[in-house]
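Please read the structure below before turning to the comments.
Derivation of every value follows stated rules applied to the coordinates shown; laboratory data play no part. The shown structure was predicted, so the numbers you read here are calculated from the model rather than taken from an experiment. For neighbour counting, all protein chains shown are included, and Cβ atoms are generated from backbone atoms with ideal geometry for every residue, glycine included.
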Amino acid sequence: MSSSNRLPKLLIFGFAWSVSNIGYGQLTDQPSQRASTHSRLIRMHMENPFLSPSKLALFAPDFGNIKNEHYLPAFEAGMKEQLDQSRVISEQADAPTFENTLVALEKSGEILKRVQAVFFNMSSAHTDEIIQGIEEKIAPKLASHSDDIFLNKKLFARVELLWAQKEKQSWTEEQQRLLKEYYESFVRAGARLNADQQMRVRAINEELSSLTTQFQNNLLAITKERAVVVDDVAQLDGMSIADIAAAKEAAQAKGLEGKYLLAITNTTRQPVLLSLNNRDVRMRVFLASANRGLGENGGLDNRPLVLSMAKLRAERAKLLGFNSHAAYTLENQMASNPVAAFKMLQDLVPGVLAKAKSESVDIQRFMKQDGFEGEPKAWDWEYYSEKVRAEKYKIDENLVKPYFELESVLNNGVFYTFGKLYGIRFKERKDLPVYHPTVRVFDVLSLEGKQIGLFYADYYQRDSKRGGAWMDAYVSQSRLLNQLPVVVNVMSIPTPAAGEPTLLSLDHVTTMFHELGHGVHGLFSSVEYPTLSGTSVPRDFVEFPSTFHEDWAIHPEVLSNYARHHKTGETIPKDLLDKSIAANKFNKGYETLEYVSAALLDLGWHSISASEGPNDVEAFEREMLKKYGVDFAPVPPRYRTSFFAHIWSGGYSSSYYAYLWSEVLAADAFAHMRTLGGLTAANGQAFRQKILSMGGTREVMQQYKDFRGQVPTVDALLARRGLK
Ligand SMILES: [Zn+2]
């Protein structure tokens, strides 16, 4: 799926660590600032909505009053507050106890948590130059703030003392987990290193956080600048009338009167490649997309950033006692080490490659009809595979789309399914402020009307939003903090022309289920400590609940409930429905191969040692693809290195494999649930209790076994992808 979950970045397991006292000092400790009076401080508190808890329902963000100028002062105040609190905890005379150390840490940093939760979702979902500027400024400070806390020797000594008592104390399972999270976080941050080493780790962290932000901002700008301009409407043959009109409007908006502008979307694939009959234009669109970030024609170049990041990550890993960044990252994941992740991917390569090659035979048959001989080019695949799909399944997306109208998909599909499984309902409310007029807010209620949480939905694509889809939490559930969950789903669905309904592709429909799958992982969280709340689980587990929910989108009972023609209200015809489901397994060789290649590329970049850093991005890329036997030109990796946002700025470094790892669990769990009757409240109850409510309070393999009664196997995954 094209969706990409994003965990709250810089929230290291839930609490919002991160910035330097130096940074804050510059603001507050200058004489002019020191002169600030008590009343000025009070006014700042009254005016800056982040400095006190929101007065809105469930502490929902007060978007009506949040302004760009509030972020920086709130970050500074939040870091100062948390640093002061952590000093008080570390300096206290009393011997360390669970309460005076861990619980105290859990309660710290409220201002920072509030501002981070809003700011980082805004910087992805609705950014502007001011926000980008703040992000560039604040990222290194947050990295340094995190180090100020995790490299605090006195604080670590307290946690270490508690860790030494873990066998003797009668702490609950959740408390033991919390202690383990803290202890490991300190060690992994470098708490055991000597002063020189710690200084180097700090410097690396700061530099990495700046590079990350630069990469992300570059990518947004690069995508905007890389459009293809077409002079003659005849060259757009194959595109729908509406899409051609949109291309004309887009050109007009840029002052290109009478021309057509094919904008590169901020996603992996370019949807227009499916329909463009002109091979040359297809090539231009493909290359505009695939060569993002290579500095073509004097454009922005992400290659130097990537090389620096890979080397810095390797150096940091070495300081912390690991062979590579991948080894460091995977240590606390379900996979435990890169060997296991490589193995899962490489075991799939022969079968997946064979499948992709067999798909290419079908494609060449159609290419021949157009007079093209030989292997397909990368820009041919999607176009001709649509023809193969139409032939084999006699349907195309445009026949199906009228049955996937957004309101019906949301209410009669997504909410219907989650309602049936979990006994909940979603009720839209208009009284809470939002950051963009298209954002919607829903109460999530039990059948008896008891509030479970709030759900924000921000589905439409816009220039200020990065591509893909993700879930985030504005407020994490915690009994200790008396907080109910407030979560958001963000997607990039194209806005229809004025007055037209929003018709979705099956991929978008599936992504809606996927993202609300993450959503309920946050919404059903039932934990004491915020650090262990909701989606605070290993990355190769976090995509399990989301991917699991995807399959409900094509479950017959669900499909027949939501897939209704937007004009006639007629239910999707059975043969179209059957074919849609069958078509869902189509092209899986290609899809799996492009994914596996990208995942191997990610592990390749993060397996380098500090001393052997490569100097040529494209050469390294070619070398890796060859090494792992996935250098099949018609199917390039899903992301080239230069725009692989997941691994350079999205927090998925050496973890892109996690989607497939999680899918193994998802497919196995879904197959299991089907044998138990499918869409029933009993099944939902079991999944909610054993997985969705648990957060990080239990080791994740144990959670899985609690639900499933055994460890997962790959059989259901192979069947799900039609690779068996
Ligand atoms: Zn996801």
- [ ] Quick one: what are the phi-derived ³J(HN,Hα) couplings along region 281-295, Karplus 6.51/-1.76/1.60 with θ = phi - 60°, whole Hz, x for glycine and proline?
- [x] 5, 4, 4, 4, 5, 4, 5, 4, 7, 6, 9, 4, x, 9, x
- [ ] Could you work out the relative contact order of region 655-724, using alpha carbon pairs under 8 angstrom and six or more residues apart, expressed as a whole percent?
- [x] 44
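How high is the FRET efficiency from Leu287 to Gln169, r the C-beta distance, R0 41 Å, rounded to 0.05?
With a Förster radius of 41 Å, E is 0.10.
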- [ ] Write down Rg/Rh for region 318-437, rounded to two decimals, with Rg from the C-alpha atoms and Rh from the Kirkwood relation over Cα pairs.
- [x] 1.17
Open item on the list: Give me log10 I(q)/I(0) at q = 0.09, 0.12 Å⁻¹ for the chain, Debye formula, one equal scatterer per alpha-carbon, no solvent.
Closed with: -0.82, -1.55
TODO: Give the Cα extents of region 109-249 along the principal axes, in whole Å, largest first.
DONE: 77, 37, 26
TODO: Could you go through region 580-589 in sequence order and give the Karplus-derived ³J(HN,Hα) for each residue, using 6.51 cos²θ - 1.76 cosθ + 1.60 with θ = phi - 60°, rounded to whole Hz, and x for Gly and Pro?
DONE: 4, 5, 4, 5, 4, 8, 6, 6, 6, x
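Taking Cα pairs under 8 Å and at least six residues apart, what relative contact order does the chain come out at, in percent? Write down the numbers at each step before the final one.
Details: 1189 pairs, mean separation 121.1, N = 724.
17 percent.
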- [ ] Search the structure for amide H atoms under 5 Å from the amide H of Leu294, placed 1.01 Å from N in the peptide plane, and list their residues when 5 or more places away or on another chain.
- [x] Asn302
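When you count, for each residue, the other Cβ atoms within 10 Å and take the mean per peptide, how do 692-701, 112-121, 563-572, 478-487 rank with the highest first?
Packing order, densest peptide first, comes out as 112-121, 692-701, 478-487, 563-572.
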- [ ] Determine ³J(HN,Hα), in whole Hz, for all residues of region 618-625 in sequence, where each value follows from phi through the Karplus function 6.51 cos²θ - 1.76 cosθ + 1.60 and θ = phi - 60°; x replaces Gly and Pro.
- [x] 5, 5, 4, 4, 4, 4, 5, 4
- [ ] Quickly work out the Leu256-to-Asn68 label distance, labels modelled 7 Å from Cα along the C-beta direction, and quote it in nm with one decimal.
- [x] 2.7
Open item on the list: Tell me whether region 563-641 comes out rounded, prolate or oblate; compute the Cα gyration tensor, take square roots of the eigenvalues as a ≥ b ≥ c, and use a/c under 1.5 as the rounded threshold.
Closed with: prolate
TODO: Please compute the Cα-Cα pair-distance distribution of region 397-486 with 10 Å bins starting at 0, giving whole percents from short to long.
DONE: 13, 39, 36, 10, 1, 0
TODO: Work out the FRET efficiency for Arg462 and Lys180 from their Cβ-Cβ distance, taking R0 = 51 Å, and round it to the nearest 0.05.
DONE: 0.75
Task: 21 Å tail of the calculated P(r), region 209-273, as % of Cα pairs - done: 32
